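Let me begin by presenting the structure, written as structure tokens, before commenting on it.
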Amino acid sequence: MSKVRVLVGTHKGAFILTSDGKRKQWEVNGPLFAGWEMYHLKGSPVDPDRLYASQTSGWFGQTIQRSDDGGATWTPVGNKFTYQGATGTHQWYDGTPHPWEFKRVWHLEPSLTDPDVVYAGVEDAALFRSADSGATWEELASLRCHETGPQWQPGAGGMGLHTIILDPSNPERMYIAISAAGAFRTDDGGKNWKPINKGLVSPIMPNPTAEVGHCVHHVAMHRSRPGVLFMQKHWDVMRSDNAGESWQEVSGNLPTDFGFAIDVHAHEPETVYVVPIKSDSEHFPLEGKLRVYRSRTGGNEWEPLTKGLPQEDCYVNVLRDAMSVDSLDECGVYFGTTGGQVYASSDAGDTWAPIVRDLPAVFSVEVQTLT
Amino acid sequence: MSGQPGSPRTVRVILPYHLRTLARVGAEVTLEVADPVTVRTVLDALEARYPMLCGTIRDHGTHQRRPFLRFFACEQDLSHDSPDAPLPETVAAGTEPLIILGAIAGGVA
């Protein structure tokens, strides 16, 4: 019998939600690491009992936790994230040079092939790799040291590297995204990085089509088509069919194309989900109606999914890492809100129900499909 | 009375709640600390016993105190003293604890 395990990171702890393949009855376990900010938890695709979690605090800094038994027990592992070599500067909010300072881990991405290998995207933006299950971390410094690095600037939430996508067909290729520097790709395992932002237009920048500086909120890929990427930018939903070499806008009929989360159906690579948010000034759904939008055409044509979601007086946000899908035959879709709800759909978004309603603000949602 | 330089003293340390849960200890831990007993030598001993606390009280590299943590002892705030300044003899003797605590900070949630 299949099972689903949902890993939820919140403002004040982590929660593990489990159900059988029907996804109707849920067991809620938590809070784990109560009181800590849990930015992200994710399991290894090759060993689902191996989980990694980013635990952070304004008082006590960064800790990384690892579980080898599916979240029943946890061990604190290495938390020493040291930038390699000269730290250099990026732009501060006022345009002045500002030295890189490690603040926290935003995203953990376990290897597709080795449970002991995991990548960490951090603020201030940099990429780290551990090859010993999180005990030690080494920076892939060529990203931070990219010639455009001094031009990178934090978004309102900090200069975080929040998206890491590993190409299942090419172990040397990886995509990352940074707010507010943009998207980058390596084709040699992280030795060299290329900005992949052609086609992005950001009127909030002095040069709206500059090579870097775009506030990319999230990027998603279907593993069967690793060259096709979908992006939720600050404004605009974008698509690339050539591994990020160029992007086209696919916002189409969305009522607003601002948002944070984006994901792709587990079995239909042209089916994409976003949660439109009113604007960069008002981070809540339009008209108080929480609506997921689904495109079955790879963008441009979007339909609202509302059954089971609040359609009045709803003013939550859905953050960039707070949406995920399972890979059961009928694809499940999940997202968490800043109001503490985690919603699940076991029919690809047609209908929704809350798994839990009153958690702390949800930072991240990751789903494991267990067999 | 001070011990001989290098001789171990038994020092009591009170940790803030979140570091107790991280290290899986009670409110107070006792440590053998080589004389002289200073914030630095106490933290060296604490981190050697509980490696998961490395980086949570002071920076890994610079050993600077994290900004929102404070060191109190004998009703004094020692946070801004040199980490190499001898702690009060009552702390070195284990009569009084060194208190590590999170600074009061309001928040949005």
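The numbers here are math on the coordinates, done by the rules we state, and not lab data. The model shown is predicted, which means the values in this text are computed figures rather than measured ones. Please note: Cβ atoms are built from the backbone with ideal geometry, for glycine as well, and neighbour counts cover all protein chains shown.
Take every Cα pair under 8 Å whose residues are at least 6 apart in sequence, average their separation, divide by the length of the range A:1-135, and the relative contact order is 17 percent.
Take every Cα pair under 8 Å whose residues are at least 6 apart in sequence, average their separation, divide by the length of chain A, and the relative contact order is 12 percent. Spin-label model, A:VAL46/A:ASP358: points 7 Å from Cα along the beta carbon direction are separated by 4.4 nm.
A:GLU245 label point, 7 Å along Cα→Cβ, cut-off 20 Å on backbone N: hits in the range A:177-199? The answer is A:183-190, A:192-199, whose backbone nitrogens lie closer than 20 Å to the label point. Counting every other Cβ atom within 10 Å of each residue's Cβ, A:ILE16, A:ILE64 order from fewest to most as A:ILE16, A:ILE64. The mean number of Cβ atoms from other chains found within 10 Å of a Cβ in peptide A:73-82 is 3, as a whole number. Helix B:39-49 and the longest principal axis of the Cα set of chain B meet at an angle near 80°. Estimated at 0.36 nm per residue, the fully extended path between A:SER142 and A:LYS80 surpasses their Cα-Cα distance by 20.4 nm.
In percent, what relative contact order does chain B have, based on Cα pairs under 8 Å that are 6 or more apart in sequence? Intermediate results must be reported in sequence, preceding the final value.
Numbers: 169 pairs, mean separation 35.9, N = 109.
Over chain B, the number comes to 33 percent.
Among A:THR337, A:THR297, the ranking by other beta carbons within 10 Å of each residue's beta carbon, starting with the fewest, stands as A:THR297, A:THR337. Under 19 Å from a label point set 7 Å out along the Cα-to-Cβ vector of B:ASP44, the amide N atoms of the range B:76-97 belong to B:81-89, B:91-94. When the alpha carbon gyration tensor of the protein assembly as shown is reduced to an equivalent ellipsoid, the three semi-axes, largest first, read 42, 25, 20 Å. Here the Karplus relation 6.51 cos²θ - 1.76 cosθ + 1.60, evaluated at θ = phi - 60°, turns the backbone of the range A:199-207 into coupling constants of x, 6, 10, 10, x, 6, 9, x, 10 Hz, with x for every Gly and Pro.
Measuring max minus min along each principal axis, the C-alpha atoms of the range B:38-109 give extents of 41, 27, 20 Å (largest first).
How big, in percent, is the set of alpha carbon pairs in the range A:42-322 lying more than 24 Å apart?
Numbers: 19819 of 39340 pairs.
Counting pairs separated by more than 24 Å, the tail of P(r) holds 50 percent.
Across the range B:41-60, the residues whose backbone nitrogen lies under 16 Å from the label position 7 Å along the beta-carbon direction of B:VAL25 are B:41-58.
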